[in-house]
Each structure stands twice: as C-alpha cells, then as structure tokens.
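*Asks:* Before I ask anything, here is the structure I am working with.
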C-alpha cells in the first residue's frame, strides 16, 4: 500500500511540475537578452615575464538589449538581468551582480511587449565568463604562439587581441492582464521564463612590463 501511495504521489508531483513549465511557456512568447550595438572598448589583461597575471580593467560598460513578450491575455510585469546562472526575479542574489526592472520600467503592467536598452558599467570581478575569462583567453593565445614556434618571451612582449564571453541571463515575469493592470501580481500568480547570452568582449593582452 505504501509503495502504491508513494508511486501515485511521485506521478502527481511530476505532472504538476510539467504543467507549471507548460503554463509558463504559454504565458510568455519570447525572452531574449543580447548585445545592443557595437562594443569597441577592450578589456585589458596584464602580463609578467612568465605569464598573464590579471585583468587590468576594473570595469566595463556593457550594451544590453532586454526583451520580453507575453501572450495575448498576459502582460510583462517585471524583468531581471544578471551575470550568473539561474537568475530569478523573486530571489535574492547575495553578492552576485543583477538589476531588476518593474513598475514604470516595464510600463506599469500595461505592456505585452517590453524592450529595454540597458548600458550598465559593471565591475569585472562581478562578471561570470562563459568558457574562459580574459586572462585564460590570453593564456590560450600564448600557448598557440609557443606551439607555432615563437619564443615565450617574444610572445609576451607583444600586444595581442583575442576575445572572451561575458555571460548574462534575463528572467521575465508575466501576469494575467487584469492582475498586471491593478498591480496585484506576486510569485503565486505569475510565471517566468529565462534566456541566457554570451556577450563577446574584445580582450587586449598587454605586453609584459
């Protein structure tokens, strides 16, 4: 009997989870975070006579486009962008970097589609990198130069341009049209959907000093 009850409970929970996921998808048509414009400012990396040591640049101005589109009977009521995995509007982030948008930022619950151009200057120590960080990008390039026959001292004495990807994630929250209009939305009566993006940054590997 216990096994039968446990099995039934498991199936019920699993079905509920699937239903919630489907509901979220039904309420939101599209969520997207991407680069908005041409970012020409490089992130600089310092080198010693032995290797690349640290990111010299303290911060970087990122050009972001945040987009959320709800279905016909719903409205976007909030969005949150962060540089880490599993960004959630209704949860705290501790020391991680994020920025939330709500109320007038997103049209006070009146808009089905919200598009925001956001250009934050973020300390690079707060950025999560996708794949490799700028120092690792320079080190990988150094390895390639050495393998191609160039002396390490010669390679470290030159300036190189490579790239790295800063990771951003956007969480969009949607509510029923009437709840959104009256500002009566909360965690219990909304759904959300996320999108992640690798923002390509130019990295300048400086010569050893």
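Nothing in this text is a laboratory measurement; each read-out follows from the coordinates by a stated rule. Keep in mind the model is a prediction, meaning the values are calculated, not measured. Please note: Cβ atoms are built from the backbone with ideal geometry, for glycine as well, and neighbour counts cover all protein chains shown.
*Asks:* Kindly indicate the residue of segment 144-181 that is assigned to a loop (DSSP other than H, G, I, E, B) and touching a residue at least 12 places away in the same chain (Cβ under 8 Å) and also nearest to residue 29 (Cα to Cα) among those meeting that condition.
*Replies:* Among them, the one singled out is 159.
*Asks:* Only residues that are more than 16 Å from residue 66 (Cα to Cα) and either touching a residue at least 40 places away in the same chain (Cβ under 8 Å) or part of a helix (DSSP H, G or I) (or both): list them for segment 183-199, please. Break it down stepwise before answering.
*Replies:* First pass over segment 183-199, keeping only residues more than 16 Å from residue 66 (Cα to Cα): 183-191.
Once the filter is applied, which keeps residues that are more than 16 Å from residue 66 (Cα to Cα) and either touching a residue at least 40 places away in the same chain (Cβ under 8 Å) or part of a helix (DSSP H, G or I) (or both), segment 183-199 yields 183, 185, 187, 188, 189, 190, 191.
*Asks:* Looking only at strands (runs of 3 or more DSSP E) that lie completely in segment 38-78, which have at least 2 residues being touching a helix residue (DSSP H, G or I) at 6+ places or on another chain (Cβ under 9 Å) and buried (at least 20 other Cβ atoms within 10 Å of the Cβ)?
*Replies:* 43-47, 52-55, 64-70
*Asks:* Turning to a different aspect of this structure: Output the residues belonging to segment 142-164 that are crowded, with 19+ Cβ neighbours inside 10 Å and touching a strand residue (DSSP E or B) at 6+ places or on another chain (Cβ under 8 Å). Outline the logic, then answer.
*Replies:* Within segment 142-164, the first condition is being crowded, with 19+ Cβ neighbours inside 10 Å, and the residues that meet it are 142, 155-156, 160, 162, 164.
Across segment 142-164, the qualifying residues are 142, 156, 160, 162, 164.
*Asks:* Now a separate question. Looking at residue 209 and the list (1) under 14 Å from residue 44 (Cα atoms); (2) surrounded by 14 or more Cβ atoms within 10 Å (Cβ to Cβ), which single condition is not satisfied?
*Replies:* The failed condition is (2).
*Asks:* Can you find, within segment 79-92, the residue that is surrounded by the most Cβ atoms within 10 Å (Cβ to Cβ) among those that are outside any strand (DSSP E or B) and out of contact with any helix residue (DSSP H, G or I) (no Cβ under 8 Å at 6 or more places or on another chain)?
*Replies:* Checking each candidate, the answer is 87.
*Asks:* Here's another thing I want to ask about it. Please work out which one of (1) assigned to a helix (DSSP H, G or I); (2) surrounded by 14 or more Cβ atoms within 10 Å (Cβ to Cβ); (3) in contact (Cβ under 8 Å) with a residue 60 or more places away in the chain is the condition residue 136 fails and give its number.
*Replies:* The single condition residue 136 does not satisfy is (3).
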